[in-house]
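For reference, the structure is listed below as structure tokens.
The values are calculated or read from the model by the stated rules, or taken from the named source; none is laboratory data. No experiment lies behind these values; they were computed from the predicted model shown. For neighbour counting, all protein chains shown are included, and Cβ atoms are generated from backbone atoms with ideal geometry for every residue, glycine included. Side chains included, ligands, DNA and RNA excluded: accessible areas come from the protein's heavy atoms. Shrake-Rupley method; radii C 1.70, N 1.55, O 1.52, S 1.80 Å.
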Amino acid sequence: MSEILKVISLTKHFKSSVGIVHAVDDISFSIEEGKTIGLVGESGSGKSTTGHMIAGIYPPTRGKIIFDGVDISVDANKRPLSVKKKIGMVFQDPSTSLNPRQTIEDIISLPLKVHMRITNYAEMRKTVRELLEKVQLPPDFMNRYPRDLGGGERQLVAIARALASEPTLIILDEPTSALDVSVQAKIITTLLKLQKEMGLTYIFITHDLSLMRNVADKVAIMYLGKIYEMADTQNFFEEPLHPYTMMLISSIPTLTDEEEKIKPRGIESLGEIPSAVNPPKGCRFHTRCPFAREECKTNEPKGEKIDGGRIVFCHFWREIKYKLTTNAPEKI
Ligand code: SF4
């Protein structure tokens, strides 16, 4: 399986009235074709900013984005059209991402005109119909407006629009979090079906870690603009290594005895996420980490590669793991 996307030391800083916002700072990861990486974190973790840079909504401050062997770290307008159309995006809230004054046909046909150069009206309508079928919506929806549809249906239209340019990579930015629980499963099932049929690669951005268990092949945990742990999904849930990951997993309700058995214990969240303007020095998690020591306040942890391609950014993960699994006396 070949690597379709590689992100190297990607960084995004924004100027604001209160200072420089360190939205994303020096993150690296890659995705293989046809797979899903979950970017997970609380609000302000930088996960959406990462997705927006890859989609070309804004350029990185530093670092590289290599897509299909092409460096696309440049300003979005300078990306070749042949590359632009290969990256699709689905936003969180379909009620704001779809133009309310356009029919569903107009919405889906725009990328067909821009990226696929389809100008023949009959061909355009046929393609719109096929795209609606792909997301399991009836063809007569093409004459309706977004306001005529439910939230889940609108999100399916947004997915059909993203598919119109025949992308190979789709960035899904919290695609179910604005929807009722009752329709979330339908969206996820449709996305998984499309991935299987079309060999799509997904970047799935979410604050909902439990969703990743069934969706992602690999999970990266982000906190204040940094990735702190990345692992294959199974390892990630069965044996989290970073205290922040453990904290997040321990707060997920378990469904089976097996999940309950492996759930991390003894990790409690301390306080709120600090501001991304002047983030804490050293390990950015140290203000909330129950295991923080003096060194954590000044030295930034480097990523340590462990078996199976996983990586963890914590000075003391081995000692923490030992203590939590053996209930050993406090050394840390
Ligand atoms: Fe906690 Fe220190 Fe590890 Fe950061 S480096 S997660 S503060 S123990």
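For this structure, a couple of remarks:
- Computed over the Cα atoms of region 194-236, pair by distinct pair, the Kirkwood hydrodynamic radius stands at 11.4 angstrom.
- A Förster radius of 35 Å, combined with the Cβ-Cβ distance separating Ser43 from Glu130, puts the computed FRET efficiency at roughly 0.40.
- C-alpha long axis of helix 181-198 to longest principal axis of the chain, angle in °: 80 degrees
- For region 203-222, the residues whose backbone nitrogen is under 15 Å from a point 7 Å from the Cα of Lys196, taken along Cα to Cβ, are 214-216.
- Distance from the Cα centroid of region 1-64 to that of region 122-188 is 25 Å (rounded to whole angstrom).
- Sites Thr96 and Ser2, calculated FRET efficiency, Cβ-Cβ separation with R0 51 Å, nearest 0.05: 0.90
- Charge sum, other residues only, whose C-beta stays under 11 Å from Met222's C-beta, Lys/Arg counted +1 and Asp/Glu -1: 0
- Across Glu42, Glu105, Glu123, the residue with the most accessible area heads the list, and the full order at a 1.4 Å probe is Glu123, Glu42, Glu105.
- Label point of Asn278 set 7 angstrom out along Cα-Cβ; within region 22-64, amide nitrogens under 15 Å from it belong to 22.
- Shape of region 1-84, Cα gyration tensor, a/c cut at 1.5: oblate
- For the chain, the relative contact order works out to 19 percent when only alpha carbon pairs closer than 8 Å and six or more residues apart are counted.
- Integer Hz, Karplus 6.51/-1.76/1.60 couplings in order for region 168-176, x for Gly and Pro: 10, 10, 10, 9, 10, 9, 6, x, 10
- Kirkwood hydrodynamic radius of the chain, from inverse mean 1/r over distinct Cα pairs, in Å: 21.1 Å
- Antiparallel bridge percentage (DSSP; both residues within the chain; nearest 5): 60 percent
- Charge tally in the Cβ shell below 12 Å around Tyr121, where Lys, Arg are +1 and Asp, Glu are -1, Tyr121 excluded: +1
- For region 112-219, dividing the convex hull volume of the Cα atoms by the residue count gives 108 Å³ per residue.
- Here Ser43 sits with roughly 100 square angstrom of accessible surface, probe radius 1.4 Å.
- DSSP-assigned coil residues among trypsin sites (Lys or Arg not before Pro) in region 132-183, each with at most 16 further Cβ atoms within 10 Å: Arg144
- Within the chain, helix-based [θ] at 222 nm, where runs of 4 or more DSSP H residues each add -39,500 (n - 2.57), nearest 500: -9500 deg cm²/dmol
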